[in-house]
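Each reported figure results from applying straightforward, stated rules to the coordinates on display, with no laboratory input. This is a predicted model, so every value here is computed, not measured. Neighbour counts run over all protein chains shown; Cβ positions are idealised from the backbone, glycine included.
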Amino acid sequence: MAFEIIESCVNCYACEPLCPNDAIYQAKPHFMIDADKCTECIGDFMDAQCASICPIEGAILDDLGTEVNPIGSLTGIPMELLAQYQAALDATYQAALNDKSA
Ligand code: SF4
Ligand code: SF4
């Protein structure tokens, strides 16, 4: 039972001081979590402190490989809505490209 920091971590240091178990440490190429120390903050906090502060959505996984701070967790925008916006942006961009080449 431990979380994992993955390669999208930008080494911002935000999580390291918040861990109640000193489980997070600086490493190369990104911060890491000592699985022997991480308790997922159970018994200390309602939410995992590292995932709560991390500015990079999806950078922290649980022991099943599930994102603890998934896309939308910072913005509060549901993934479905993000996908809709992205599709609309892509369509607009493609239309502009087509106009330019016509
Ligand atoms: S989940 Fe909690 S105990 Fe585990 S690394 Fe993150 S802050 Fe530390
Ligand atoms: S808060 Fe997130 S991005 Fe920053 S060091 Fe920790 S895992 Fe990496």
* Asked: Where the centre of each part is set by its Cα atoms, how far does the range 29-102 sit from the range 3-18, in angstrom?
  -> 13 Å
* Cβ-placed point charges (K, R +1; D, E -1), dipole of the chain about Cα centre in debye, nearest 20 -> 420 debye
* Three-way shape call for the chain based on the alpha-carbon gyration tensor, with the a/c threshold at 1.5 -> prolate
* Could you grab the relative contact order for the chain? Cα pairs under 8 Å, six or more apart, rounded to a whole percent. => 26 percent
* Report ³J(HN,Hα) in whole Hz for each residue of the range 65-74, in order, from the Karplus equation J = 6.51 cos²θ - 1.76 cosθ + 1.60 where θ = phi - 60°; Gly and Pro get x. => x, 8, 5, 7, 10, x, 3, x, 5, 8
